[in-house]
Amino acid sequence: MARPIDYVKKAIPYAILVFITAPIVLMYTMLFVASFSKTVYGLVPDKIMLSNWDFLITGYIQAPGTAGLEAGRWPNIYLVTFNTFLLALTVATLEVLISSLAAYAISRYSFRGRNAFLSLTLILHSFPSITLLIAIFYILKAIGLFDTLIGVILVKVALELPLGIWIMKGFYDGIPWDMEMSALVDGCTRLEAWWKVILPNVKGGIASTMIFAFLSGWAEYIFILTFIVSEQNWTLSMLVAAMIGEWRFVDYGRLAAVSFYYMIPVVVFFLFFQKYLLRMTIASKGPL
């Protein structure tokens, strides 16, 4: 028969979990309620306003105090959403492709400078990217990629690659060498063995790398703010920042609606791929 102390011990983890997640759930609930309200305070809307979501029909958001003025209209939200998806998906795809190849070489081959290269990639990831803004600005300007999403994508991929390489290397290190050797004995080339044998066994690492890269690209703001000038190249983070503007003239209900709209794809994406995050392990074994 279970003692009362046993029930208390079982309840403690759940109590801690509720204590940690309750404020987050409360904030998201308030954001959702505020998107149908005129104000952003409380859990009960003072006045239900579906007009906060009319940008889903018109595609445009008018800045407060500029009714009827073309100059006060922000770029089409569906174009901005497309730009955001393009940035996030391209960053995720390129990072997965490059880090999968680089991590395989590091995991399976022993070459001079391997340990130094691994240490360097880790240092590069921990280096504050904001300190590189001026240098990156001059580079993008020189190669003609300033004010383009391609330029931002290349910068994001370059700065996020070290993390992707370390994640994928950990998964490659967990694959027995005998499995790859069997494929080579059966007539596969090294590339065919990587594609047909190794990659199917590191799906968790690919998914984990893609999740981190996608979320990083989706939430990117500082590079968009610095390297994007044209409104047609805006992403949702820039649109939300523009809506905040001067705080005295902010339409908080519409801002809450756009913010919730910005959050929905990330939540859906995470719900579909969260199981892979639970399987992620980063190993640090030597080459086999």
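The values are calculated or read from the model by the stated rules, or taken from the named source; none is laboratory data. The structure presented is a predicted model; accordingly, all values stated were derived computationally and were not measured. Backbone-built Cβ (ideal geometry, glycine too); neighbour counts: all protein chains shown. Surface areas here come from the heavy atoms of the whole protein model, side chains and all, with no ligands, DNA or RNA. Shrake-Rupley method; radii C 1.70, N 1.55, O 1.52, S 1.80 Å.
Tabulated data
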| read-out | value |
| --- | --- |
| Portion, in percent, of the accessible area of the chain that falls on carbon or sulfur, probe 1.4 Å | 72 percent |
| Gained length - V8 relative to A142, 0.36 nm times residue gap less alpha-carbon distance | 41.8 nm |
| Among I98, I175, I143: highest mean-square fluctuation, GNM of the chain, C-alpha pairs under 10 Å | I143 |
| Virtual spin-label span in nm between T58 and F82, 7 Å along Cα→Cβ | 2.1 nm |
| Max mean-square fluctuation residue, GNM over the chain, Cα-Cα springs under 10 Å, options V240, V258, V91 | V240 |
| Gain upon complete extension [F111, S230; 0.36 nm per residue less C-alpha separation] | 38.3 nm |
| Difference of contour (0.36 nm per residue) and Cα-Cα distance, V185 to I20 | 54.1 nm |
| Accessible heavy-atom area order of R254, R108, highest first, probe of 1.4 Å | R254, R108 |
| Estimated dipole of the chain in Debye, rounded to 20 [Cβ of Lys and Arg +1, of Asp and Glu -1, Cα centre] | 740 debye |
| Convex hull volume per residue for the chain, taking Cα atoms only, in Å³ | 220 Å³ |
| Unit charges at the beta carbon, dipole of the chain: most positive-side option, V25, L225, I134 | V25 |
| Accessible surface, the chain, averaged per residue in Å² (probe 1.4 Å) | 58 Å² |
| Lysine pairs within the chain, Cα separation less than 16 Å, 8 or more sequence positions apart or different chains | 4 |
